[in-house]
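Undergrad: Below are the structure tokens for one structure; questions will follow.
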Amino acid sequence: MLLSTAAAVQPLSAQSPAMIDPAIPPIPAAPTGSRRVTALMDWLERYPWLLPLLSFVAGWAGYWLVERGPQLARGIALMALLVWPWMLLENLFGRWLHRWSSGRLSPTLTAFVTQSVQQEMLFFALPFVLGAIRLSPGHLLFGLLVGAAALFSTLDPLYHRWVGRSGALSVAFQAYCSFITALVVLPVALHWPVEKAVTMAVLIATASLVAGLPRLLQAEQRGRALGLSLIAAILLLLCLPLRSWIPPVGLRLTDSRIGQTIDGLAPGPEVKSLRLAALAETGVVAYVAVHAPAGLNQQLRFDWYHRGRLLESIPAEIEGAEGRGWRTYTRKQHFPADPRGGWRVDVRSPGDQLIGRLYFRVTD
């Protein structure tokens, strides 16, 4: 029995060294950088609320810094522009980085970076959008969509279910983030007039959709993916005729009033209602102080409405300044035969974006 056991064991011990084939190279250990990135991703997964919180704080910090002066605004613009290539071309860069790194930078990592960048840019844009919103249905809807997109980017189960699995939705969401980012960076930091910023933002978002075409063409349901992208492109183009729904990011009224006197640029007492005799004697002054990023030259206009009907549009111009903003006014002295009733003065950009609104009433 012992001999047979030894005979049975001996071949195993003799053949064990022969089972290691020296021709097969050993499996290399993961690079230190990849291990660190993986560890960081694992750590962030344990605290999923941390990254959205940091993005939210960074967004409001960016808003506060831009409000502090032009030098800080240029710094914020530089940080936003550094991540813009990824925002625009992630669909191309992601695959290239995966091939260039020989698989060390996995698609999971690039998708994680994309989601993080989207969160950062949406939360960066959110305070500027909220600061420009006025009580109009279009503004409220636009602000709600930006807030919903920022919240959606933080909800990993929903984000990965809809955006992570669908190439078309991923490309469309990336284009939307590019559009919102451009709306903020162009006027706030690069001093583009808000109406031109809308046009350029549409072009940039469309370029992001075009950059995603290679990914869409490789999708399993190619026709459906291209159809969804076409719908996204149509929605972007609709922003041009519907730009009055888009808040004029970077512009807000720090003071506004209807009065009857003005000394230089110092307005007189505010009036909410005036009689026909006073109206005929001195007319009406619409005064505004507009806060804008320093260095921004922006045209605007005063639209005078009587009983809901537009009567006159008077142009004006502002230059960005620190403090209470750039002050301007318009005086109206010509009125219809019966000026009684409600009046409204809309302060708008040349692209019809609402900056502010004033009201007064004329009585007997």
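Every read-out reported here was derived from the displayed coordinates using simple, explicitly stated rules and does not represent laboratory data. These numbers were taken from a predicted model, which means no experiment stands behind them. Cβ atoms come from the backbone with ideal geometry, glycine included; neighbour counts cover every protein chain shown.
Undergrad: Fewest Cβ neighbours within 10 Å first, please rank K196, K272, K332 accordingly.
TA: K272, K196, K332
Undergrad: Next question, about the same structure. Would you pull out the residues with amide H under 5 Å of D255's amide H, same chain only if 5 or more places away, H placed 1.01 Å from N?
TA: Sorted by chain and number, the residues that satisfy this are A289.
Undergrad: Could you give the length gained on full extension between A148 and A280, defined as 0.36 nm per residue of separation minus the Cα-Cα distance, in nm?
TA: 42.6 nm
Undergrad: Quick check: convex hull of the Cα atoms in the range 254-312, volume per residue, rounded to a whole Å³?
TA: In the range 254-312, the Cα hull volume divided by residue count equals 122 Å³.
Undergrad: Could you line up S273, S136 from fewest to most neighbouring Cβ atoms inside 10 Å?
TA: S273, S136
Undergrad: When the Debye formula is applied to the Cα atoms of the range 252-363, each taken as the same point scatterer, what base-10 log of I(q)/I(0) results at q = 0.12, 0.24 Å⁻¹?
TA: Values, matching the q order: -0.40, -1.41.
Undergrad: Can you list residues from other chains, or at least 5 along the same chain, whose modelled amide H is less than 5 Å from the amide H of A316?
TA: Hits under the 5 Å cutoff: L300, R301, F302.
Undergrad: Next question, about the same structure. Taking the Cβ-Cβ separation of R340 and E317 as r and a Förster radius of 25 Å, what is the calculated FRET efficiency to the nearest 0.05?
TA: Efficiency for this residue pair is about 0.15.
Undergrad: What is the set of long-range amide H partners of I262 at a cut-off below 5 Å, with H atoms built 1.01 Å from backbone N?
TA: G268
Undergrad: Provide Rg and Dmax in Å for the range 171-213, with only Cα atoms included in the calculation.
TA: Considering the range 171-213 through its Cα atoms, Rg and Dmax are 10.2, 31 Å.
Undergrad: I want to verify the translational diffusion coefficient of the range 132-260 in µm²/s; compute it with Stokes-Einstein, Rh as the Kirkwood radius over Cα pairs, at 10 °C and 1.306 mPa s.
TA: 99 µm²/s
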